[in-house]
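Below is one structure, written out as structure tokens, with a few remarks after it.
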Amino acid sequence: MPVSPLAGKPADPSMLINVPRLVTAYYAGRPDPSVPGQRVEFGTSGHRGCSLDNAFNEAHILAITQSICLYRRQQSIDGPLFIGIDTHALSEPAFASALEVLAANDVEVMVDADNGYTPTPVISHAVLTYNRGRRRGLADGIVITPSHNPPRFGGFKYDPPHGGPADTHVT
């Protein structure tokens, strides 16, 4: 892979994001379900978008997390839910929103003991390790990351008890 010409140089101001504006839009924006780009849409096990486009807002995260709680009940997934975040600006707000819904649904939640960042493989590993040898009380997970998407994006992924990405029949 060739080295980027931007490597080792300060970021051009045009590439920077306004984090306070992004976070404000996360809480203040109201997605319009009649606009396709503002609906919850899962690809590769998760929903991704930007709060400035009303494509990743608190309403999305509240609805997705409640749906996960309902799915857990339907599938008798009653072990802990491992949840992790990355360094994208929208990860912390989405984490707070998800925790509110999970607490309201009495879901036992496992987070990094030091409130550290937890990449997708860490959550998958935690789910697989916890579930090893179990038939009941299975764990699942949520990873709050848009993965490789630009800094203005947020992302929310669900990992069922098999530890990998949720299949289309789940999402």
Of 121, 85, 56, which is farthest on the positive side of the dipole of region 1-127, counting Cα position, with +1 on Lys and Arg Cβ, -1 on Asp and Glu Cβ, and the Cα centre as origin?
-> 56
Normalised by the residues of the chain, what does the relative contact order come to in percent, with Cα pairs under 8 Å and at least six apart?
-> 26 percent
Treating only the Cβ atoms of Lys and Arg (+1) and Asp and Glu (-1) as charged, compute the dipole magnitude of region 1-63 about its Cα centre; round to the nearest 20 debye.
-> 100 debye
Dipole of the chain, positive end: most advanced residue of 98, 45, 141 [Cβ charges, Cα centre] = 45
Given trypsin sites (Lys or Arg not before Pro), DSSP loops and at most 15 other Cβ atoms within 10 Å, the longest exposed-site-free stretch of the chain is 40-131
What helix-only [θ] at 222 nm does the chain give? Using -39500 (n - 2.57) per DSSP H run of at least 4, over all residues, to the nearest 500, the answer is -10000 deg cm²/dmol
How would 92, 100 line up by accessible area, probe 1.4 Å, largest first?
-> 100, 92
Rounded to one decimal in Å, the inverse mean reciprocal Cα-Cα distance for region 1-113, i.e. its Kirkwood radius, is 16.1 Å
Probe 1.4 Å, all chains present, heavy atoms only: residue 117 accessible area in Å², nearest 10, is 130 Å²
The extension gain from residue 76 to residue 21, computed as 0.36 nm times the residue separation minus the Cα-Cα distance, is 15.8 nm
A student asked for the Cα radius of gyration and Dmax of region 62-171 in angstrom ought to give 13.0, 40
For residue 32 the rounded accessible area (nearest 10 Å², probe 1.4 Å, non-protein molecules ignored) is 60 Å²
Rounding to the nearest 20 debye, state how big the charge dipole of region 93-171 is about its Cα centre with +1 on each Lys and Arg Cβ and -1 on each Asp and Glu Cβ.
-> 280 debye
Towards the positive end of the charge dipole of region 1-112, with charges on Cβ (+1 Lys, Arg; -1 Asp, Glu), say which of 6, 23, 75 has the farthest Cα.
-> 6
To the nearest 20 debye, what is the magnitude of the charge dipole of the chain about its Cα centre, counting +1 on the Cβ of each Lys and Arg and -1 on the Cβ of each Asp and Glu?
-> 300 debye
Helix 19-28 versus the longest principal axis of the chain: what angle, 0 to 90°, nearest 10, using Cα atoms?
-> 50 degrees
Report the calculated FRET efficiency for residue 53 and residue 128 (r = Cβ-Cβ distance, R0 = 30 Å), to the nearest 0.05.
-> 0.30
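The values are calculated or read from the model by the stated rules, or taken from the named source; none is laboratory data. What you are looking at is a predicted structure, and each value in this text was computed from that prediction instead of being measured. FYI the Cβ positions are ideal-geometry reconstructions off the backbone, even for glycines, and counts take in every protein chain you see. Accessible surface areas use protein heavy atoms only, side chains included; no ligands, DNA or RNA. Shrake-Rupley method; radii C 1.70, N 1.55, O 1.52, S 1.80 Å.
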